[in-house]
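Visitor: To start, I am sharing the structure in question, which I have written as structure tokens.
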Amino acid sequence: MMRKLPVVIAITGLCVFGAEARAAKPAGPSLAVAEGEGGGQIGGIGKGLQIAKKANDVRELQMTDAEEQELGRQVSEKIRTRYGVVQDAAVHKYVGLVGLALAQGSSRPALPWTFIVLDTDGVNAFAAPGGYVHITKGALALIKNEAELAGVLSHEIIHVTEKHTVRAIQKSQAVQMGAAETLSGNSSLMQRAVNATYDNIVDKGFGRADENEADEKGAAIANKTGYAPNGLVAFLTTLKERNKSSTEKRGLFASHPEMQERLDRLNKQITTQKLMASATVQPRYARIISFKPVDPSAIATVEPGSAGLTGGAAKAEEKKPEEKSDTAKKAEEPKKGRFGLSKMLPTSGGEKKQAQVTASGGARGVDPEKDSKGGPNPAIVAVKIAATDVAAFRKEGGLP
């Protein structure tokens with residue numbers, strides 16, 4: 001009696017991902033069927049083809065330069081809503097002039113670069129796609145001169161020019177799109193991309209390779225612009241001293257490689273590549289930037305994941321006991337004779353938590369640099385900077 005063999009179906013050549021998907025035409029399905037009596041299993045071929053076709057209709061996130069800038073604009077809006085913006089035109093023009101002088105020497109000088117000072121005492125910086133660079137007033141307070149500011153800004157500029165955030169999302173496949181989809185005009189897809197990008201920038205941070213590249217190429221740009229290339233080294237050393245008592249990485253520490261390793265690599269680069277620019281421009285920095293550093297233990301923070309994270313929103317959500325109605329008070333009273341099961345059950349992950357403003361020192365799981373309380377106004381401070389302004393700025397600071 002002949003033994004019945006199962007039908008084996010192999011479907012190949014149906015999936016093309018990434019940039020190749022636009023240039024390469026997917027090969028047709030190749031079916032291999034083993035000899036034997038297949039019976040009803042042949043009906044599975046159609047289902048297999050449908051699954052393969054569905055996979056072929058999905059590709060990694062792709063975007064044009066215009067879509068990248070729109071993505072960055074929306075991500076920046078979320079960051080500004082989270083931390084607020086310092087409403088000082090002089091400060092923004094100064095930071096913008098330093099940033100634009102550096103961006104001129106980058107691989108993408110024509111981007112519509114926007115430099116924003118966030119209204120929070122936490123020490124941090126965030127680069128969003130399309131040319132949006134954010135630095136906190138807490139970081140400016142800790143920086144000692146213009147060369148250090150250039151070191152931080154040039155590092156963030158490289159995150160933008162090398163598209164580190166976009167590539168991280170593509171690599172993780174956090175956002176995928178249909179073969180015929182584009183970001184333009186697709187609000188749902190754009191929102192998914194915005195959320196994934198924001199999460200990568202603010203919460204997850206960049207990988208070691210991206211951070212090392214931003215350090216190396218950032219130091220080269222700073223030197224090319226005329227700034228002392230060890231500006232980032234000096235700032236990171238100050239940051240290391242600031243957080244020496246912390247058992248966990250904070251702020252700029254959280255997403256970057258080990259600090260001493262970074263410092264050693266940067267110092268070696270400066271020596272090996274003979275980066276010899278020397279401008280620090282300390283007097284000009286001191287004349288314009290007057291923020292004072294706040295000790296991490298004294299920084300007001302908000303609970304991670306809270307709703308209403310800017311200063312104004314947080315205050316709006318906080319209610320004093322006397323503001324609660326009698327009905328609300330009665331509802332909060334424990335029921336006699338009942339076991340409080342609801343207190344033991346986990347809450348839904350989708351619920352918004354009420355913002356809690358606390359002193360950061362003893363708050364477990366709270367990073368006073370990243371989870372710092374933000375200011376009330378998220379509006380961008382509009383300043384006009386012409387090419388002639390940048391040229392005059394460089395000449396005044398002794399930059400080539």
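Visitor: When you scan region 56-75, how many residues do you find that are out of contact with any helix residue (DSSP H, G or I) (no Cβ under 9 Å at 6 or more places or on another chain) and at pLDDT 90 or above?
Guide: Adding up the residues that qualify gives 5.
Visitor: In this structure, does Ala103 turn out to be free of Cβ contacts under 8 Å to residues at least 60 places away in the same chain, more than 27 Å from Ala220 (Cα to Cα) and touching a helix residue (DSSP H, G or I) at 6+ places or on another chain (Cβ under 8 Å)?
Guide: Working: free of Cβ contacts under 8 Å to residues at least 60 places away in the same chain: yes; more than 27 Å from Ala220 (Cα to Cα): no; touching a helix residue (DSSP H, G or I) at 6+ places or on another chain (Cβ under 8 Å): yes.
Answer is no for this residue.
Visitor: In region 145-191, how many are at pLDDT below 95 and of a type in the set (D, E, K, R)?
Guide: Qualifying residue count, region 145-191: 3.
Visitor: Go through region 255-289 and report how many residues are surrounded by 11 or more Cβ atoms within 10 Å (Cβ to Cβ) and outside any helix (DSSP H, G or I).
Guide: Total meeting the criteria: 12.
Visitor: Before we move on, is Val152 farther than 21 Å from Gln191 by Cβ, among the β-branched types (Val, Ile, Thr) and within 12 Å of the chain's Cα centre (by Cα)? Steps first, answer last, please.
Guide: Numbers: farther than 21 Å from Gln191 by Cβ: yes; among the β-branched types (Val, Ile, Thr): yes; within 12 Å of the chain's Cα centre (by Cα): no.
No; evaluated as a whole, the condition is false for this residue.
The values are calculated or read from the model by the stated rules, or taken from the named source; none is laboratory data. Just so it is clear, the structure is predicted and the values come from calculations on it, not from any experiment. We place every Cβ from the backbone using ideal geometry, glycine too, and count neighbours over all the protein chains shown.
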